[in-house]
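Quick note: the coordinates plus some simple rules give every number you see, no bench work behind them. None of these values were measured; they are calculated from a predicted model. Here the Cβ positions follow ideal geometry from the backbone for every residue, glycine too, while neighbour counts run over all protein chains shown.
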Amino acid sequence: MIRDRDRIYGTVVTRRLRAMGIRDKPIAPASPWQNCFAERLIGSIRRECLDHIIVLDEEHLRRILKNYADYYNPVS
């Protein structure tokens, strides 16, 4: 997960991400230009995928996001 260096992402959030198997990648300090990539990805996922589907639970959301990622990043 690419994220900014906001204080809301404390050790509790970092530990929770790792427990779920999500790699944490904060943007470089004093580099707000990097945040646009994360914001663009989040917006694209929301507009192209989640605005058209009713998510039933966490497992369903993971399956939707995996299919979305597989579609845009095919294994050759």
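For region 1-19, taking the residues that are in a loop (DSSP other than H, G, I, E, B) and touching a residue at least 12 places away in the same chain (Cβ under 8 Å), the one that is nearest to the chain's Cα centre (by Cα) is identified as 1. For region 22-55, the set of residues classified as surrounded by 10 or more Cβ atoms within 10 Å (Cβ to Cβ) and more than 24 Å from residue 6 (Cβ to Cβ) consists of 48, 49, 53, 55, listed by residue number.
From the list 30, 38, the lone residue that is of a type outside the set (Asp, Glu) and part of a loop (DSSP other than H, G, I, E, B) is 30. Evaluated against (1) surrounded by 11 or more Cβ atoms within 10 Å (Cβ to Cβ); (2) under 17 Å from residue 1 (Cα atoms); (3) of a type in the set (D, E, K, R), residue 70 falls short on exactly one condition, (1).
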